[in-house]
Amino acid sequence: MEISNNLNKLLKELPSNVKLIAVSKTKPNQDILEAYHAGQKVFGENKVQELVSKYEQLPKDIEWHLIGHLQRNKVKYIAGFIELIHAVDSLKLLKAINKEAVKNNRLINCLLQIHIASEETKFGLSIEEVAGLLKSEEFTQLNNIRITGLMGMATFTEDVSLIRNEFKTLVKLHKDLKNDYFIDNPEFKEISLGMSNDYNIAIEEGSNMVRIGSLIFGERN
Ligand SMILES: *Cc1c(COP(=O)(O)O)cnc(C)c1O
C-alpha cells in the first residue's frame, strides 16, 4: 500500500512531459511488483547482476534502465534487453555497447553522463570530452547505438543554489550539443536529472527524466 501511495502521489505531481524512472536498487521483487501493479512500468537499477536477476524474474513488459556505472566486460549481460543506459562516460564503453548491440541485432539507446558536480569522485565526461567524443571519426561509425540525451548528478549538498547551477550547466550543454551535433536528430531529447532530494529543482531547470528511489520505496539500508 505504502509504495503505491507514494508512487501515485509523485505521479500526480510530475508534469506530463517528465518520465519517471522508479529506482528499485536493493529492493525486493515484491516491492517492484507493487509499483508495477500500480501502473509503473519503468524501473532503474545501478548494478548489472541485480538488474539481470530482476529482469529474469519479473514481468517482461517492464522497461529496464541501467542508471549506474557500467563496466565494458558486463555489457554483454544486458545488451539483449536494456531500454536505456544512462551513464555512458567513454568512447571505449560506447564501442563495447555497439559491439554487443550488433550481436543482438539491436539499437541500444544511451545517455552520455556529464560530470557536473564539484565532487571529484563522480563519474562522467567533461564538457570538452563530450565534444571530442561526438566529433570523433570512431563515434560516427557506431551504427547500433543511439545517443538520446544527457544524464547528470548534482553534488551531494544542502546548497540548493549549487545544485541549481549544476543542473543549469547540463541543460545548457544539452541545448548547445543539440545545435552543434544533433540538429537533424529529434531523438537527442532526454535530460536525465533529478533524484528524490532534488527532482523539483531539476524539473524547474528543464529535466524530462527523473530517477527516484527512496521517495517511492523508502530509505535503503
Ligand atoms: C540511487 C540512484 C538514484 C535514486 O536515488 P534516490 O535518492 O533514492 O531517489 C538516482 N540516480 C542514480 C544514478 C542512483 O544511483
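For the stretch 180-212 and the stretch 92-113, write down the distance between their C-alpha centroids in whole Å. Each part reduced to its Cα centre gives a spacing of 21 Å. Summary value for the stretch 19-88: 29 percent relative contact order, contacts being C-alpha pairs under 8 angstrom separated by 6+ residues. Among S16, S90, the order by Cβ neighbours within 10 angstrom, fewest to most, reads S16, S90. Can you give the net charge of the other residues whose Cβ lies under 13 Å from the Cβ of K19, counting K and R as +1 and D and E as -1? Local charge sum for K19: 0.
Rg over Rh for the stretch 1-156 works out to 0.99, using Cα positions for both radii and the Kirkwood form for Rh. Which is the longest run of the chain containing none of the GluC sites (Glu not before Pro) found in DSSP loop states (not H, G, I, E, B) with at most 10 other C-beta atoms within 10 Å? The answer is 1-119.
Each label was represented as a point 7 Å from its Cα along the Cα-to-Cβ direction; for K95 and E2 these points are 4.8 nm apart. When only Cα pairs below 8 angstrom with a gap of at least 6 residues are kept, the stretch 1-138 shows a relative contact order of 16 percent.
All of the numbers you see were taken from the coordinates with simple rules; none came from a lab. Computed from a predicted structure; not experimentally measured. Cβ: placed from backbone, ideal geometry, glycine included. Neighbour counts: every protein chain shown.
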